[in-house]
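As structure tokens, the structure follows; a few thoughts come after it.
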Amino acid sequence: MISINPYEIILQIINFGILYLLLKKFLAGPLSALLTNRANMIKHNIESAEVNKRKADELLSEQKEALKSAQIEAQAIRKKAEDAASKELSAIVDEGKESAKKLIEQAQKDIELQSNNARKQLLKDVGDLAIKVVRKFVSTEVDEKDKKASIDKLVEQVSDK
């Protein structure tokens, strides 16, 4: 038969109580503290991650704004440079046209001067040639003074035409 020994039951209850207290003190307390610390650390890390995410989002938006601002500034600088280059090109072209105009005017003056000199020389040569022809036909001697007067007269007549 089964016998129930109250002394053993009391001893088992005491053993169970001692085991419970030992487990609570050496296992449950540190484990509970460890889990509490771990939970607090996770909570802190989550909060820190959220703060860091907000900061990162703010920095990202600031960087996007700075990039847009830099692009706008770059476009403005580029526009100014293009305008300055255009003005400089216009100035260079105008200066080149003015220089070409002056060169053309100077060349025309030189051509006119050379043309006048050539005409005078040609008239002088034609006058000399005419006198030689007249001498041959007339066979008379013409002195230098008459020669000069005849040449001048011929030059005047030819230049009037």
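The values are calculated or read from the model by the stated rules, or taken from the named source; none is laboratory data. In this text, all values refer to a predicted model and were calculated from it rather than measured experimentally. Virtual Cβ from ideal backbone geometry, glycine too; neighbours counted across all protein chains shown.
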What do you reckon, is S159 at pLDDT below 75, small (G, A, S) and surrounded by 10 or more Cβ atoms within 10 Å (Cβ to Cβ)? yes
Hey, any hits in segment 34-41 for a residue that's under 56 Å from the mean Cα position of the chain (by Cα) and among the hydrophobic types (A, V, I, L, M, F, W, C)? yes
Just checking, which of S115, S3 is among the small types (G, A, S) and either at pLDDT 95 or above or part of a helix (DSSP H, G or I) (or both)? S115
